[in-house]
Amino acid sequence: MGWGLALVTNAQPTTQISATDAIGTVDEVPAGYQLGQELYLENCASCHIALPPAILPTQTWKQILQDTQHYGAQLPPLIDPPRLLVWKYLQTFSRPHTTEEETPYRVDDSRYFKALHPRVKLPRPIEISSCVNCHSSAAEYNFRRLTPEWENSQ
């Protein structure tokens, strides 16, 4: 089984993204992390909009992966090896937080989320479903495309 996972996680992409194609996600994901991203989307986006890993710190993602109590809902735990592949993806594309800040468990407590939205009057409480108000393709895991209102709001 380990050999099979090694083959899959080190597989070369079958299609190349051209420079003119929109990447959609915040970062282009190298082949070694694509299965982890797919498993993340399969497990998380089936219930709600999947957030880019950089929105929350690494410590929050670790807590979310380990906790079967997920924002008030009881979830079956993600088991290995898929859990390890998701963790590898989230750990690589998230950010660490400083030792003096508390680990945020909610998006609106995330310093990085606030930094990415400096001019946005955010609703209270912030709901993941409200992402589509500004990111029209958030449900497709594309946070680069914005609604016309925000597209040219430099």
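The values are calculated or read from the model by the stated rules, or taken from the named source; none is laboratory data. Here the structure is a predicted model, which means the values were calculated and not measured. Backbone-built Cβ (ideal geometry, glycine too); neighbour counts: all protein chains shown.
Looking for something more than 27 Å from LEU146 (Cα to Cα), in a helix (DSSP H, G or I) and within 16 Å of the chain's Cα centre (by Cα) - is there at least one such residue anywhere in the stretch 29-48?
no
Determine if the stretch 52-64 includes at least one residue that is over 16 Å from the mean Cα position of the chain (by Cα) and surrounded by fewer than 17 Cβ atoms within 10 Å (Cβ to Cβ).
For the stretch 52-64, residues over 16 Å from the mean Cα position of the chain (by Cα) and surrounded by fewer than 17 Cβ atoms within 10 Å (Cβ to Cβ): absent.
Check the stretch 120-128 and report whether any residue there is modelled with pLDDT of 85 or more and under 16 Å from the mean Cα position of the chain (by Cα).
Looking for residues that are modelled with pLDDT of 85 or more and under 16 Å from the mean Cα position of the chain (by Cα), one finds none in the stretch 120-128, hence no.
Against the condition assigned to a loop (DSSP other than H, G, I, E, B), touching a residue at least 12 places away in the same chain (Cβ under 8 Å), in contact with a Ser or Thr (Cβ under 7 Å, 6 or more places away or on another chain) and closer than 19 Å to THR60 by Cα, how does PRO104 come out, does it pass?
yes
Report the residue count in the stretch 89-102 for those that are among the hydroxyl-bearing types (Ser, Thr, Tyr) and loosely packed, with under 15 Cβ neighbours inside 10 Å.
2
Kindly indicate the residue of the stretch 60-96 that is at pLDDT 90 or above and not in a helix (DSSP H, G or I) and also farthest from ARG111 (Cα to Cα) among those meeting that condition.
Top of the filtered list is PRO81.
With the checklist (1) free of Cβ contacts under 8 Å to residues at least 60 places away in the same chain; (2) out of contact with any helix residue (DSSP H, G or I) (no Cβ under 8 Å at 6 or more places or on another chain); (3) surrounded by 15 or more Cβ atoms within 10 Å (Cβ to Cβ) in hand, flag the one item PRO118 doesn't pass.
It fails just one condition, (3).
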